Amino acid sequence: MNNDVMAIELKQITKSFGPVVANAGIDLSVRQGEILALLGENGSGKTTLMNMLSGIYKPDSGSIFINGKSVVINSPKAAIKLGIGMIHQHFKLVESLTAADNIIMGSKEKGLFLKKSRAEKIRSISRRFGLEIDPLKKVHDMSVSEKQTVEILKVLYRNANILILDEPTAVLTPQETRRLFDILRRMKQEGCAIIIITHKLNEVMEISDRVTILRKGQSVATVNTAETNIKELTELMVGRSVELSIYRPEPEYDESLLEVHHLTVADEEGFETIRDISFNLKKGEILGVAGVAGSGQKELCEAIAGLMPVKKGAILYNKENLIGKSPKEIINLGISMSFIPEDRLGMGLAASLSLVDNLLLKKYYQGKGPFVRKKEARALARRLVEQLDIATPSVDAPVRKLSGGNVQKVLLGREIESDPNVLITAYPVRGLDINSSYTIYDMLNEQKKKGVAILFIGEDLDVLLELCDRIMVLCHGRITGIVNAKEVSKEELGLLMTGAASDRPDLQEGGNN
């Protein structure tokens with residue numbers, strides 16, 4: 001292994017989409033046996049740049065060198081032949097196929113069917129790197145975390161020696177993140193070149209050797225990780241000093257707006273994903289929900305929103321039971337409940353529709369007459385673009401063309417603009433840069449001051465402790481504690497998340513009032 005050999009060199013790369021210049025004369029290099037973090041605000045051009053390296057886009061101008069040789073990457077297949085593998089932020093899987101079928105598709109091996117040798121190879125890779133997955137499980141039956149694992153295995157199966165990861169830990173538990181970092185360190189030791197795109201600056205400091213920062217489509221700096229800090233990286237990203245603290249207004253109300261009593265939810269096979277949980281959500285409070293992936297967060301959200309059948313229990317909104325009612329029936333009761341799902345493009349938005357049309361999806365049925373009126377939706381779209389700094393060619397562009405963070409802004413903006421009384425939000429800042437994340441926190445606090453009851457499912461314990469009034473912890477579908485955010489530590493939350501706080505009645509009962 002020679003750490004002085006450049007595995008990747010990008011020279012003066014430029015790419016435009018109509019009037020929007022995504023990348024403007026960018027230079028970037030990665031050595032063999034190095035991990036480079038790529039930082040930048042949403043829409044700064046990070047993913048576009050990597051999509052050119054992985055063959056999805058072609059640069060308008062500039063040169064790409066792989067291991068010192070000038071190359072033209074016309075397709076993802078050409079990138080794979082060069083040993084380049086990319087794990088995308090939005091999953092590129094065929095939902096109706098198994099994990100194994102998705103993994104072997106497009107590989108150099110002949111044949112389309114899963115053979116015993118292929119299944120064993122997948123299991124061997126899974127065991128070797130600690131990525132647990134059932135090769136025969138259908139993708140549409142998987143959790144978001146499992147889908148991400150399949151994406152990782154797809155790259156490892158092809159023996160890539162240049163690895164690009166776009167927000168790879170956004171859907172992983174801390175334990176899975178540690179395992180992934182162990183994989184990356186092993187690959188680094190073997191001479192692989194790795195680029196990781198992430199907004200989690202603590203991860204940048206932990207895993208990277210160098211950091212390249214993009215701002216508005218241009219490279220503004222490349223620094224050695226050991227010689228920088230989070231404050232400097234933030235200022236380089238945003239272009240100004242950013243206050244990294246969350247203002248938490250005190251709750252002004254004491255009445256319960258939503259009450260959940262002995263709720264049990266089971267999946268299609270009868271497995272109970274939520275098991276006899278009870279809690280209340282007060283007007284004008286943010287109730288955080290913590291738990292490792294797959295602890296029942298998704299099912300809880302969907303049950304409250306009327307998207308998933310309930311086995312037993314009651315969900316009361318102003319004493320009206322919502323069980324058995326469809327989302328439309330819930331709205332017709334006069335209940336304004338906004339739901340921001342975990343899978344923003346799969347459930348939250350229609351990827352092929354424009355920003356305007358996605359806003360219309362929320363209220364089109366309220367219109368009078370046979371025609372859909374777009375004037376108000378177009379005005380709202382323009383206002384959201386300005387308020388949330390959404391980077392888009394126009395309000396008529398399909399949302400699938402937006403970066404992941406900008407997609408999230410569209411979804412959150414639409415839901416908040418519906419003037420909810422209850423806001424259920426799962427991972428609302430997943431994939432967002434620091435500046436955008438703090439804008440979202442401010443928006444949620446504004447809703448809180450208006451008396452909106454907010455259920456906030458998050459994965460960053462530091463944010464949950466700063467933003468929320470109380471935190472409810474789920475473990476294997478059960479509540480292990482409801483605590484006052486001001487009176488609990490991150491370590492205590494960790495104990496509750498793993499179910500290891502059975503001898504701490506103070507944690508299990510705290511904050512229930």
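A few points about this structure:
- Only residues that are closer than 14 Å to His476 by Cα and surrounded by fewer than 17 Cβ atoms within 10 Å (Cβ to Cβ) were counted across the stretch 251-271, and they come to 3.
- Test: residue in the stretch 275-290 that is without any contact (Cβ under 8 Å) to a residue 24 or more places away in the chain, more than 27 Å from Leu495 (Cβ to Cβ) and either assigned by TED's automatic domain parsing to the domain that holds Gly477 or not hydrophobic (A, V, I, L, M, F, W, C) (or both): no
- When the stretch 285-319 is limited to residues that are on the phi > 0 side of the Ramachandran plot and buried (at least 22 other Cβ atoms within 10 Å of the Cβ), the one that is nearest to the chain's Cα centre (by Cα) turns out to be Gly291.
- Residue-level analysis places Leu236 among those that are under 27 Å from the mean Cα position of the chain (by Cα), touching a residue at least 40 places away in the same chain (Cβ under 8 Å) and in a helix (DSSP H, G or I).
- Close pairs from the stretch 410-426: first within 28 Å of Pro393 (Cβ to Cβ), partner in a helix (DSSP H, G or I) and of a type outside the set (A, V, I, L, M, F, W, C), Cβ under 7 Å, at least 6 apart: Val410/Asn358; Leu411/Arg344; Leu411/Gly348; Arg414/Asn358; Ile416/Gln447
- Any hit, the stretch 207-224, residues being within 23 Å of Arg128 (Cα to Cα) and in contact (Cβ under 8 Å) with a residue 40 or more places away in the chain: yes
- Hits in the stretch 131-161 (condition: in contact with a strand residue (DSSP E or B) (Cβ under 8 Å, 6 or more places away or on another chain) and either charged (D, E, K, R) or outside any helix (DSSP H, G or I) (or both)): Pro135, Leu136, Lys137, Lys138, Glu151, Lys154, Arg158, Ala160, Asn161
- Residue match in the stretch 49-72 (condition: within 30 Å of Leu136 (Cα to Cα), touching a residue at least 60 places away in the same chain (Cβ under 8 Å) and in contact with a strand residue (DSSP E or B) (Cβ under 7 Å, 6 or more places away or on another chain)): yes
- Top-ranked residue of the stretch 454-482 - restricted to ones that are among the small types (Gly, Ala, Ser) and under 23 Å from the mean Cα position of the chain (by Cα), ranked as nearest to Val289 (Cα to Cα): Gly458
- Within the stretch 201-212, the presence of at least one residue that is of a type in the set (Asp, Glu) and in a loop (DSSP other than H, G, I, E, B) is confirmed.
- In the stretch 84-92 there is at least one residue matching the filter, namely being without any contact (Cβ under 8 Å) to a residue 60 or more places away in the chain, in the same structural domain as Asp166 (by TED's automatic domain parsing) and either out of contact with any Leu (no Cβ under 8 Å at 6 or more places or on another chain) or on the phi < 0 side of the Ramachandran plot (or both).
The values are calculated or read from the model by the stated rules, or taken from the named source; none is laboratory data. Every value quoted in this text rests on a predicted model; they were computed, and no experiment measured them. All Cβ positions, glycine included, derive from the backbone under ideal geometry; neighbour counts span all protein chains shown.
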